[in-house]
1. Name the residue, out of Ser146, Ser158, Ser140, that is small (Gly, Ala, Ser), modelled with pLDDT under 90, in a helix (DSSP H, G or I) and at negative phi.
2. Evaluate segment 103-122: report whether one residue or more is closer than 26 Å to Asn27 by Cβ, surrounded by fewer than 24 Cβ atoms within 10 Å (Cβ to Cβ), aliphatic (A, V, I, L, M) and at pLDDT 90 or above.
3. For segment 48-102, how many residues meet the condition of being assigned to a loop (DSSP other than H, G, I, E, B) and more than 22 Å from Ile150 (Cβ to Cβ)?
4. All but one of (1) part of a loop (DSSP other than H, G, I, E, B); (2) modelled with pLDDT of 90 or more; (3) not β-branched (Val, Ile, Thr) hold for Ala163; state the number of the condition that does not hold.
5. Taking the conditions exactly as written (on the phi < 0 side of the Ramachandran plot, crowded, with 22+ Cβ neighbours inside 10 Å and among the aromatic types (Phe, Trp, Tyr)), does Phe206 satisfy them or not?
6. If the Cβ limit is 6 Å and pairs must be 6+ apart or interchain, which residue in segment 231-252 that is touching a residue at least 60 places away in the same chain (Cβ under 8 Å) and crowded, with 24+ Cβ neighbours inside 10 Å pairs with which residue that is part of a helix (DSSP H, G or I) and among the acidic types (Asp, Glu)?
7. Among the residues of segment 253-270, how many are aliphatic (A, V, I, L, M) and crowded, with 20+ Cβ neighbours inside 10 Å?
Amino acid sequence: MIYILFAVLSACFAALTTILAKCGLKNSDPDGATSLRTLVALIVSWIVVFITDSFWDIKNAWGLTLLWLILSGVATGASWICYFKALKFGDANKVSPIDKSSTVLAMIMSFVFLNEEPTLFKLIAMALIFAGTLMMTVKSGKQKQSKSRIWIVFAWLSALFAALTSIFAKVGIENINSNLATALRTVVVLIMAWVVMLSKGKRNPFSGVGGAKEKLLLILSGISTGASWLCYYYALGSADLTVVVAIDKLSILPVVLFSALFLKEKLSAMASAGLVLICAGTILTVI
């Protein structure tokens, strides 16, 4: 049951990632922030590969294994780009629950493509998580309509790509060490982030990141991201995807708490009830 510990650690690091990224994006360009954070995550991932002597498993990183890892990296890059855009224009306590709805999408995909068993508890959990997500993203009367349309589209795209990331990765890590798989995926994510920057005419991949404070926050966010990924893919290699993604998404709790205490992003009564449903659904997936 050690995979539960690693899934919980992944959730903790993922929450820290979101919090640091939100603060670091205050005066930063989302694309430049993504590039910086990905580079740091890449360095962390490869350090762990060499510390754990996982590099020599590279002999298994060919054929379909490499293809699935590349597709997982591409999906991750797309999810990050959309997520950073959503965080730039929307409140963290509304963007995060939509992003976490990738749990439901990943569970559906795992039933269809990975032949995991759709138990009654898991089906009820999916309904609770989806209902909770909708309740947490209901617009308040104070929100500007134009703002809502911008962030909510990017947030849902982020969730879709995040779900695809988990599916591709689950298949890709079956025959390779999870630490090496994480590092290889991160190379693809970094390349994708830089291609996006160049396609927009930004020659410096870290342009618009902001001052020293923003850079430090994004670097710390990258370190946290690398740690979260390493824990997540270790757990994913040891258990059903439906269980791991559900536990990982509990990162929403510290994100919402931090947003309320330090970013003054308050939850409405309906949003609070939605958060309870999401947590209840997550717990059901582990039963």
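The values are calculated or read from the model by the stated rules, or taken from the named source; none is laboratory data. Everything numeric here is computed off the predicted structure, so don't read it as measured data. Here Cβ is always computed from backbone atoms with ideal geometry, including for glycine, and neighbour counts include all displayed protein chains.
1. Details: Ser158 fails: modelled with pLDDT under 90; Ser140 fails: in a helix (DSSP H, G or I).
After applying the criteria, what remains is Ser146.
2. Of segment 103-122, the ones closer than 26 Å to Asn27 by Cβ are none.
No, segment 103-122 contains no residue that is closer than 26 Å to Asn27 by Cβ, surrounded by fewer than 24 Cβ atoms within 10 Å (Cβ to Cβ), aliphatic (A, V, I, L, M) and at pLDDT 90 or above.
3. The initial filter retains those residues of segment 48-102 that are assigned to a loop (DSSP other than H, G, I, E, B), namely 52-54, 61-63, 90-91, 101.
The next check asks that each one be more than 22 Å from Ile150 (Cβ to Cβ); those that pass are 52-54, 61-63.
Going through segment 48-102 one residue at a time, the tally reaches 6.
4. With respect to (1) part of a loop (DSSP other than H, G, I, E, B); (2) modelled with pLDDT of 90 or more; (3) not β-branched (Val, Ile, Thr), Ala163 is out only on (1).
5. Values: on the phi < 0 side of the Ramachandran plot: yes; crowded, with 22+ Cβ neighbours inside 10 Å: no; among the aromatic types (Phe, Trp, Tyr): yes.
Considered against the rule, which asks whether it is on the phi < 0 side of the Ramachandran plot, crowded, with 22+ Cβ neighbours inside 10 Å and among the aromatic types (Phe, Trp, Tyr), Phe206 comes out as no.
6. Listed pairs, sorted by first residue: Tyr232/Asp248.
7. Looking only at segment 253-270, we keep the residues that are aliphatic (A, V, I, L, M), and these are 253, 255-257, 260-261, 263, 267, 269-270.
With the extra rule that they be crowded, with 20+ Cβ neighbours inside 10 Å, the set shrinks to 255-256.
Residues flagged as aliphatic (A, V, I, L, M) and crowded, with 20+ Cβ neighbours inside 10 Å within segment 253-270 amount to 2.
Yes/no per residue for (1) under 30 Å from Lys213 (Cβ atoms); (2) touching a strand residue (DSSP E or B) at 6+ places or on another chain (Cβ under 8 Å); (3) not β-branched (Val, Ile, Thr):
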position: Ile4; (1), (2), (3): no, no, no
position: Ser10; (1), (2), (3): yes, no, yes
position: Ala14; (1), (2), (3): yes, no, yes
position: Leu25; (1), (2), (3): yes, no, yes
position: Gly32; (1), (2), (3): yes, no, yes
position: Ile43; (1), (2), (3): yes, no, no
position: Val49; (1), (2), (3): no, no, no
position: Leu67; (1), (2), (3): no, no, yes
position: Ala78; (1), (2), (3): yes, no, yes
